[in-house]
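The next block holds one structure in the form of structure tokens; read it before the comments.
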């Protein structure tokens, strides 16, 4: 039965290729659009990957890492006073502009970290020494910045090169690996105090407080303790997924992971999921419609052969199984391509 079903399927080459092509294009469109969507959502949490810290403490109304409300500098001391915290350091994160030699401007994601501990520094240095970041007017850039901030593609930025951030000199002392930001700009690290100099002044400039729990305490318990004692919002920094706890703070905010909160903020507040979802649904409908119509025409063309098999004593169940096997074969081949 299987051999006969395959012979009937492959015998009509034109319809067989049409079936496979329709399913292939539909599958390709669905997978490609879903992959791009997942990649974009992953980029939204790039700061959390590049500035690795177990706990992020932010203002109470903050739901995602790319749009934070500034805190007071004294909030660092408040977080440090929590007994469950081993260390807590200030963090600046914001979009700034770099002025190049030809007068053009490029957008960067500026990260300011504590000069003493270098907590939040890039994890993988390609060139240079991270400790040189403590020297005056120095920055560490990611690999994307070596091309994006260069004069031309043939002369990438090297250690020792200089550029200006808001008319203040910045000298490159290191190049690191980093995930690309959602906005497309390269990451540039410097000390927290120097980041404030590079940034137009305002009353409050602290983006977040990064912290770590004491030995023997989980990040979830420490974050819960921070929220209870300071009234600030504390997130755990781990991969996208459901929280291991679902406690409610006194202000009614759910406790959880900053990656998850950031991704869901973009899902709920932007048109990105609708745009990609529409393409996926249309691709699925068109692909299924083409495949069904072609397979229906294939069955009609082979109806006389199926009738002959029925007259020879083959049961309706076995004929149905032949058609199901043919449809499954085409589906597996089309999806596998």
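The values are calculated or read from the model by the stated rules, or taken from the named source; none is laboratory data. Everything quoted here is computed from the prediction, not taken from an experiment. Reconstructed Cβ throughout: ideal geometry from the backbone, glycine too, with neighbour counts over all protein chains shown.
Is there a residue in segment 43-65 that is in contact with a strand residue (DSSP E or B) (Cβ under 6 Å, 6 or more places away or on another chain) and farther than 27 Å from residue 201 by Cβ? Yes, some residue in segment 43-65 is in contact with a strand residue (DSSP E or B) (Cβ under 6 Å, 6 or more places away or on another chain) and farther than 27 Å from residue 201 by Cβ.
In segment 99-112, how many residues are touching a residue at least 12 places away in the same chain (Cβ under 8 Å) and more than 25 Å from the chain's Cα centre (by Cα)? Number of matching residues: 4.
Flag: residue 234 does not match the condition of being more than 21 Å from residue 256 (Cβ to Cβ) and either in a strand (DSSP E or B) or outside the structural domain of residue 90 (by TED's automatic domain parsing) (or both).
Being outside any loop (DSSP other than H, G, I, E, B), over 27 Å from the mean Cα position of the chain (by Cα) and surrounded by 21 or more Cβ atoms within 10 Å (Cβ to Cβ) holds for only one residue in 195, 170, 222, and it is 170. In segment 68-78, the condition of being in contact (Cβ under 8 Å) with a residue 40 or more places away in the chain, in contact with a helix residue (DSSP H, G or I) (Cβ under 8 Å, 6 or more places away or on another chain) and outside the structural domain of residue 316 (by TED's automatic domain parsing) is met by at least one residue. Looking only at segment 173-185, count how many residues are closer than 25 Å to residue 262 by Cβ and surrounded by fewer than 23 Cβ atoms within 10 Å (Cβ to Cβ). Residues that pass the stated criteria total 9.
Give 307, 313, 334 a once-over and let me know the one that is over 14 Å from residue 11 (Cβ atoms) and in contact (Cβ under 8 Å) with a residue 12 or more places away in the chain. Steps first, please.
Values: 307 fails: in contact (Cβ under 8 Å) with a residue 12 or more places away in the chain; 313 fails: in contact (Cβ under 8 Å) with a residue 12 or more places away in the chain.
Within the list 307, 313, 334, the selection yields 334.
Just one residue in the set 140, 188 is at pLDDT 95 or above, within 23 Å of residue 58 (Cβ to Cβ) and either part of a loop (DSSP other than H, G, I, E, B) or touching a helix residue (DSSP H, G or I) at 6+ places or on another chain (Cβ under 7 Å) (or both); that residue is 188. Scanning segment 198-219 for residues that are in contact with a helix residue (DSSP H, G or I) (Cβ under 6 Å, 6 or more places away or on another chain) and part of a loop (DSSP other than H, G, I, E, B) yields a count of 1.
Yes or no, residue by residue, for (1) modelled with pLDDT of 85 or more; (2) assigned to a helix (DSSP H, G or I); (3) in contact with a helix residue (DSSP H, G or I) (Cβ under 7 Å, 6 or more places away or on another chain); (4) surrounded by fewer than 12 Cβ atoms within 10 Å (Cβ to Cβ):
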site: 273; (1), (2), (3), (4): yes, yes, yes, no
site: 286; (1), (2), (3), (4): no, yes, yes, no
site: 289; (1), (2), (3), (4): no, yes, no, no
site: 292; (1), (2), (3), (4): no, yes, no, no
site: 323; (1), (2), (3), (4): no, yes, yes, no
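A residue that is assigned to a loop (DSSP other than H, G, I, E, B) and modelled with pLDDT of 90 or more cannot be found anywhere in segment 241-249.
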